[in-house]
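Data block below; observations after.
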Amino acid sequence: MARETFNISFICRETKKNKLGLSPIIMTIIVNGERTQIQLPMKAKPEDFKAAMRGEGEKQIQEYCLEQRKRVDKVLTEMLKEDIPLTSANLKSALQNKGAGKIYTLADLFGEYLSIIEKRKGKDLSVDTYNRYVKTTKMFMDANSIKPDFPATKVNLSHLLNYQATLNSKLDVATSCNYLQKIKSIFKFGFETGRLSSNPAFGLKIDKGIKETILYLTEEELSRIENKAFSGRLQKVADIFLLSCYSGLSFADISSLEKEDFKTSPNGYIYAEKTRKKTGVKFVAIFLRNSKKILERYDYELPIITNQKTNEYLKEIGTICEISKGLHFHMARHTAASLLINHRPAIPNETIQKIMGWKDDRQLRHYAGIFNQTIFDDIGKAFGEKKPKPAIKNAEINKDIDDIEAFNKLLGITPDQGDLAD
């Protein structure tokens, strides 16, 4: 732990003189390099203050400053006893409130952080993301069997590691990492705002495991769903999934589309222009392939159900279509990105970025996969086509054998003598 430094000094601010020539006395407190100032009730003439600091003149000013030092020492003792982080901001607050104040609890920390990010809800922060922040605070307390009135200053790395172990035992790697990252952000906020003297999550390492291969549907797998006739609910889910494969829209974004959002471009393509629910980035989704047929089937009013139910039905669809990749809705977005990046002639990355609603085109590495056929075609164009060697016919093989036997006979070699190499 780093050594804590502490210092108190007093000045008389001459620039704040009143009509009587008196200036306020300012107490400056420095804790671990952080400075804060408190204007004290007492006022004095600047020259009298300077004399008092040299041990001359009126003792009243000296005694007053000494009294303030004792008051600071008393509050410091209370703060240490109550396990309140020693920061300049906390010390100033305690002095102005005439005491060390109440213990800073998890309820205080979580409540303060959530109230700040709640203002972003529906703007640059989705409702689902906000709800996950709320959920991670509750799960953290449940995992450690602690209540909201538990002092936030007493949370240490062991609490975080215990939470991590609990999540990993119940959730998949990606979801576990998501909740851990959020609780880590909250404790970092507490430390950086001076509420906590240290960040208990500083040493927490979030292992995202082995990076999974990008899962997307090939043209052949996509055609299985396109050409299959489903009944009732499965057909509706399949249609929405296909629309996402054709446009690249996430479940949240395709769910937000209203009938009036669909427009037709000058060259005849159906498109929708909005901002992404998750990031607030503007996108221009182009509905390609069989989109028009699907949209007209529902009169442009999409039959959306919950994400959870949609994924349940997609697993049924995957089984029916003999797709072994574990079909889920987000795979449609990966499929769309892969179809766009593999299209020939090539579509510029900037265009794909705009369609997908990415902040930059680096997301291509995460979302899109390169088809084998694309690799073969690109190499063929770059280095020329390689023609396969024609198969050797049996008649030609027999002719070669006859030629070898004739050659051996000419040299006087019989089959019993072996060949020339021997």
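Read-outs: derived from the displayed coordinates by stated rules, not from any lab. Quick caveat: nothing in here was measured; it's all calculated off a predicted structure. Here the Cβ positions follow ideal geometry from the backbone for every residue, glycine too, while neighbour counts run over all protein chains shown.
With the convex hull constructed from alpha-carbon coordinates only, region 69-150 shows a mean projected area of 6.7 nm² over all directions. When the chain is described by a simple charge dipole with +1 on each Lys and Arg Cβ and -1 on each Asp and Glu Cβ, the residue from His330, Leu95, Val155 located farthest towards its positive end is Leu95.
In the set (1) 38, 28, 19; (2) 72, 33, 23; (3) 31, 26, 20, the label that goes with semi-axes √(5λ) of the Cα gyration tensor in Å computed for this structure is (2). Among the lysines, which have Cα under 18 Å from the Cα of Lys359 when same-chain residues fewer than 8 positions away are ignored? Correct list for Lys359: Lys123, Lys274, Lys277, Lys278, Lys282. By the rule of a C-alpha distance below 29 Å, with chain neighbours fewer than 8 residues away ignored, the lysines paired with Lys17 are Lys43, Lys45, Lys50, Lys59, Lys70, Lys92, Lys98. Ranking Phe189, Gly280, Ala229 by Cα position along the charge dipole of the chain, where only Lys, Arg, Asp and Glu carry charges on their C-beta atoms, puts Phe189 farthest toward the positive end.
Just to be sure I understand the rule: take each whole DSSP H helix in the chain, project its Cα atoms onto its long axis, keep it if the span is 24 Å or more and its mean Kyte-Doolittle hydropathy is at least 0.0. Which ones pass? Correct list, ordered by number: 173-192.
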